[in-house]
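Trainee: One structure, as structure tokens, below. Some questions next.
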Amino acid sequence: MSDPELTPEQDEAVRALLASVRHTDPTPPEVVARLDETLASLTAERREVPAAPVVTLASRRRRRVATALLAAAAVVVGGVGITQVLPGLAGSDGDSSSAGSTAEAPMSADDSEDSAGGDRGLTDQSQRSSSADEKQDDSERQGQESAPLPSASALGAGAALTTDEPLRPQVRAIQPQAPFTSSYDAGSACLVVAQTGESVAVTYGDQPGVLVFRVPDGGTQRVDLFLCGRPDAVRSLRLRAP
Amino acid sequence: MSELRERSDAELLALHVDGDPDAFGELFGRHRDRLWAVALRTMGNPEDAADGLQEGMIAAFRRAGSFRGDAAVTTWLHRVVVNSCLDRLRAMKVRRAEPLPDDLEERADRGALVSATDVELDPAQLTVADERRRMVLAALRTLTPDQRAALVLVDMEGYSVAEAAEMLDVAEGTVKSRCFRGRAKLAPLLGVLAPTGGDVPHAGNPPETADVPTTGPPRGPPADRA
């Protein structure tokens, strides 16, 4: 049933009745108290949670690019580090002492120039460091160079390397210099996952791991790289048996 | 000009957005009573009205930054509160089976059955006014929430159709339509359509005469009602 059509008088009568029941009393005290309490909690909540700093999209993009670059650098450094201990991939040059000191990995002709000049391939900023620091670095480098490291060029000597004998002292030299040795007990944690064979603690990128030299079999020797906490080898290769 | 001049609503809202801890309380306090009236008439009872008003206040507090300034702050506050009330009503889906007058008990506690403007009425008149109030409020409950909100804003609170349209966030024509349909639905319930001698009927109640007993309970039915 449709609503009746009201005459103007009837319409006005309804409006008058509605206006007569308009609420004019103030808000009841209990409601006021409740609102005040809610408002106080809202204000307190606002004080406790200050507005989060606005992160612009541009800065977020920059941060993402920086993170990606950092990750790429870690992969490169890790790759260089592993080639230093795996002769099938690469050798090592005389200026680089360990996989742990990855920043010293030889990468270019510029680096060799720096090396000839007594510097260690540092950035411009680090080149401006104090002479005392340089002396300390030199003494550290001398100490590292005292280890019997192979002198072959990293990429050039890889193909000529026929045995891992020169590699073994190098790998052993890594162990005491590895950055995690003071805070991370590779001997107790990583050896849990180590397989049969000779295990040597290494770092792969910035992750601690174990290099396992398997028992030679049929003229070759398999070498597996395990990262701590991971049951499977992340890298493997075969060397000519010693 | 005095340095203690009252800050405008817009200034208070801007201060609140900027972190002033007291500005919103001052702003809401200014309009609280009228917002309460709208919430009470829209919701139909004090409990739900308090809930609706509280939710509206919280929403306004948190969404103050979204105020664009293209309407008055009071209009925006009404919009937030009315929307909170309507949301509650839609969620409740009219669960109550028996409509009750929304504020009669509250008034009885305070010794007044009608608004403060009726203090000069004698008990008989108070009884009639009370009955009329009951009837109007009960009839109001039969409307849809949207129709009720439109009538509360336009016919009860006296806002213009344009203002109500802003508060309800609908077109002016929509407000007019809701008011028209709402009044048409209320008219028979209020006795407006009853045949009379020509004058506008008075909500179906008997004419106010001195015959109404004055010794009975103030909330009893009229004695001469057939």
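Trainee: Taking the beta-carbon count within 10 Å as an exposure proxy, list B:Arg32, A:Arg47 from fewest neighbours to most. All intermediate terms of the calculation are to be shown ahead of the outcome.
Mentor: Details: B:Arg32 20, A:Arg47 10.
Going from least to most buried by this count: A:Arg47, B:Arg32.
Trainee: Here is a follow-up. What ³J(HN,Hα) values, in whole Hz, does the Karplus curve 6.51 cos²θ - 1.76 cosθ + 1.60 give for the range B:134-143 when θ = phi - 60°, with x put for Gly and Pro?
Mentor: 4, 5, 5, 5, 5, 5, 4, 5, 7, 7
Trainee: Counting other Cβ atoms within 10 Å, which GluC sites (Glu not before Pro) in the range B:1-72 have at most 13 and lie in a DSSP loop? All intermediate terms of the calculation are to be shown ahead of the outcome.
Mentor: Working: sites: B:Glu3, B:Glu6, B:Glu11, B:Glu26, B:Glu47, B:Glu55; in loops: B:Glu3, B:Glu6.
Those that pass, being in a loop and sparsely packed, are B:Glu3, B:Glu6.
Trainee: OK, next. Using amide H atoms built in the peptide plane, which far-off residues or other-chain residues are under 5 Å from A:Gln221 H to H?
Mentor: A:Leu239, A:Arg240, A:Ala241
Trainee: Please report how far the C-alpha centroid of the range A:200-231 lies from that of the range B:16-82, rounded to the nearest whole angstrom.
Mentor: First find each Cα centre; the distance between them is then 68 Å.
Trainee: Average partner chain C-beta neighbours within 10 Å, per residue of B:127-139?
Mentor: On the way: counts 0, 0, 2, 0, 0, 3, 3, 1, 2, 6, 2, 0, 4.
That works out to 2 on average.
Trainee: Right, something else. Whole-Hz ³J(HN,Hα) for each residue in the range B:37-49, computed from phi via Karplus 6.51 cos²θ - 1.76 cosθ + 1.60 with θ = phi - 60°, x for glycine and proline: what do you get?
Mentor: 4, 5, 5, 5, 6, 6, 7, x, 8, x, 5, 5, 5
Trainee: Counting other C-beta atoms within 10 Å, which of B:Met135, B:Met43, B:Met92 has the fewest, and how do the rest follow? Walk me through the intermediate numbers first.
Mentor: Numbers: B:Met135 19, B:Met43 26, B:Met92 12.
By the 10 Å Cβ count, ascending, the order reads B:Met92, B:Met135, B:Met43.
Laboratory data are not the source of any read-out in this text; all were calculated from the coordinates shown. On a predicted model such as this, the values are computed, not experimentally measured, just so you know. Quick reminder, even Gly has a Cβ in these numbers, built from the backbone with ideal geometry, and neighbours come from all protein chains shown.
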